[in-house]
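Visitor: A single structure is presented below for examination.
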Amino acid sequence: MQDRFLRTGIFLAPFHALGENPTLAIERDMELVEHLDRLNYHEAWIGEHHSGGFEIIACPEMFIAAAAVRTRNIRLGTGVVSLPYHHPFTLASRMMQLDHMTRGRAMFGVGPGSLIYDAEKIGLKAADQRRRMAESLDCLMELMRGGTVTRKTDWFTLNEACLQLRPYSQPVMEMAVASSRSPVGAVASGKHGIGMLSIGGTSDEALKAHANNWAMHEEEARKAGKEPDRSKWRIVTFAHVAETREKARADMAHGLADFCRYFTDVATFPIVPPDIADPVEYLTSSGLACIGTPDDCIRHFERLWQGSNGGFGAVLLLAHNWADWEATKRSYELMARYVHPHFQRASNALRVASYDDATVKHATAGAESAQAVNAEIERYAQSKAKAAAE
C-alpha cells in the first residue's frame, strides 16, 4: 500500500437542472476544471450528449480545447465520444489535432453512446451501436498510429485513408473504452491494449461486474499479445464531502432531487429507484456514493480498491451538482487535502515519521538545546563582565 498511487479526477457529463442558465452552467463546468487543476487532480473526462436537456455538452473536443488554454497540468479526456455518431476518419483527424493543441494532455475516450435518444434522432438502432463502435475502433487504432486504412461497412467507407499528422504523444495518444454492464467495452479495450473506464455504479454487485470485466480485459489483451496494465483502469463513483456528515447531507437539498428525477424520467436506468424515501441513505448504504466526511471518503475509496481484486489506476468522481457551487468546490478541496494523500504513496508518511521522531526526542533534545542556549548566555555575560573590569 505504501507504493500505491491512485490518480484522481472527474467524469463530467455534465448534469445541469433545467431551470438554470445553460451558458453560465457550461462556464461553471469550465471553472470546475480550472479549480481541479489548481488542486492537483490528474484527469477530467468530458461527455458527449445531444438530447435529454440535462447533459448539455455536445462536443467534448471543443470543451477540451478551451480548457487546455485555461489549465496547466490536468489531463483532459473525451468521456466519451460516441463512435457510431461519427465517421472514424474525421474523428481521428480532430483528435490528432487536439493531441497537438494540448501538447499531449488530451486523452481519447470512446463508447457506443449511452443516451438512446441521441441514437434515435440520427436513425441509429440500439442493436447496432456496439457493433459500430467495434468497427470504428478497429479503424481508429490504425489511423491514430499513422497507418493507412481501406475498409467499407454499411455506414462508412475508408479509401486508403491516412491522417496528415503524426501523434504529438509518444508513441500514441492515450485511449480508453467505456465499460458498463455489457462485456463489449472490456473486450474492445483488451483487444487493442488500451484503457478501460468502468461506469455504472459502485454497489457491491457493480464492483463485482467491474472486476469481472477487468478479468475479461486481461484475457482479451493476452490473446492479442498485449500486456494488461491496471494503471489504465479507471472506476467512476460518486462522492460529496464536508466537515461533518450532517453538513454533507444537508448540502444535498440543493440538487439531488433534480438529479434523481432526471435518471428516473429520462436516463436509461434510475440511480435511485423512485420508491426510495431517503435517497441519501440509499446512496450511501448501497455503496453507490460517499456523502460524509473525508474519513468516510477514505473508507469508500478503500472499498473500491478492495473490490477491484488487485487495484486500479484512477478513481473518477461523477460530477453531479448535488450541492451548490461553493459547497461543491469545498468538497473537491477537502478531498484533495485529506483524502488523496492516503492513496498516493501515503504521501504524508515521511512527515508523520519525522514528527514522531522529533516527539520522541523532544524531552532530551529540548533540554540539550536549552542548556546550550543558557551556556552561551552565561559565556556572553562573563565576557561583558571581564571587558568592564579591564
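The values are calculated or read from the model by the stated rules, or taken from the named source; none is laboratory data. No experiment lies behind these values; they were computed from the predicted model shown. No Cβ is skipped: glycine too gets one built from the backbone with ideal geometry, and neighbour counts run over all protein chains shown. For accessibility, only protein heavy atoms count, side chains too; no ligands or nucleic acids. Shrake-Rupley method; radii C 1.70, N 1.55, O 1.52, S 1.80 Å.
Visitor: Provide a single number: the residues in region 274-287 that are open to solvent by 20 Å² or more (accessible area, probe 1.4 Å) and in a loop (DSSP other than H, G, I, E, B).
Guide: Result for region 274-287: 5.
Visitor: Turning to a different aspect of this structure: In region 156-183, what residues are modelled with pLDDT of 95 or more, under 21 Å from Val236 (Cβ atoms) and either more than 21 Å from the chain's Cα centre (by Cα) or small (Gly, Ala, Ser) (or both)?
Guide: Of everything in region 156-183, those that are modelled with pLDDT of 95 or more, under 21 Å from Val236 (Cβ atoms) and either more than 21 Å from the chain's Cα centre (by Cα) or small (Gly, Ala, Ser) (or both) turn out to be Ala176, Ala178, Ser179.
Visitor: Could you check Ser51 against (1) in a loop (DSSP other than H, G, I, E, B); (2) closer than 21 Å to His240 by Cβ; (3) polar (S, T, N, Q) and say which number it fails?
Guide: All conditions are met except number (2).
Visitor: Could you please give the count of residues in region 130-165 that are out of contact with any strand residue (DSSP E or B) (no Cβ under 7 Å at 6 or more places or on another chain), free of Cβ contacts under 8 Å to residues at least 60 places away in the same chain, open to solvent by 20 Å² or more (accessible area, probe 1.4 Å) and at negative phi?
Guide: Total satisfying the criteria: 12.
Visitor: Turning to a different aspect of this structure: Looking at region 205-219, can you tell me whether even one residue there is within 19 Å of Leu12 (Cβ to Cβ), buried (at least 16 other Cβ atoms within 10 Å of the Cβ) and in contact (Cβ under 8 Å) with a residue 24 or more places away in the chain?
Guide: no
Visitor: Further, regarding this structure: Does Ala127 satisfy being farther than 20 Å from Cys162 by Cα, part of a helix (DSSP H, G or I), without any contact (Cβ under 8 Å) to a residue 12 or more places away in the chain and hydrophobic (A, V, I, L, M, F, W, C)?
Guide: yes
Visitor: Can you name every residue in region 197-243 that is in a helix (DSSP H, G or I) and touching a Phe, Trp or Tyr at 6+ places or on another chain (Cβ under 7 Å)?
Guide: Trp214, Arg230
Visitor: While we're looking at this one, here's another question. Could you go through region 22-44 and let me know if any residue there is among the hydroxyl-bearing types (Ser, Thr, Tyr), outside any helix (DSSP H, G or I) and touching a residue at least 40 places away in the same chain (Cβ under 8 Å).
Guide: Within region 22-44, one or more residues are among the hydroxyl-bearing types (Ser, Thr, Tyr), outside any helix (DSSP H, G or I) and touching a residue at least 40 places away in the same chain (Cβ under 8 Å).
Visitor: Scan Ala267, Ala253 and give me the residue that is part of a loop (DSSP other than H, G, I, E, B), open to solvent by 30 Å² or more (accessible area, probe 1.4 Å) and over 19 Å from Leu304 (Cα atoms).
Guide: Among Ala267, Ala253, only Ala253 is part of a loop (DSSP other than H, G, I, E, B), open to solvent by 30 Å² or more (accessible area, probe 1.4 Å) and over 19 Å from Leu304 (Cα atoms).
Visitor: Okay, next question. Here is a list of conditions, (1) over 28 Å from Ala178 (Cα atoms); (2) in contact with a Phe, Trp or Tyr (Cβ under 7 Å, 6 or more places away or on another chain), and Val315 meets all of them except one; can you say which number that is?
Guide: Every condition holds for Val315 apart from (1).
Visitor: Going residue by residue through region 301-323, is there one that turns out to be open to solvent by 10 Å² or more (accessible area, probe 1.4 Å), farther than 24 Å from Met196 by Cα and part of a helix (DSSP H, G or I)?
Guide: Checked region 301-323: no residue is open to solvent by 10 Å² or more (accessible area, probe 1.4 Å), farther than 24 Å from Met196 by Cα and part of a helix (DSSP H, G or I).
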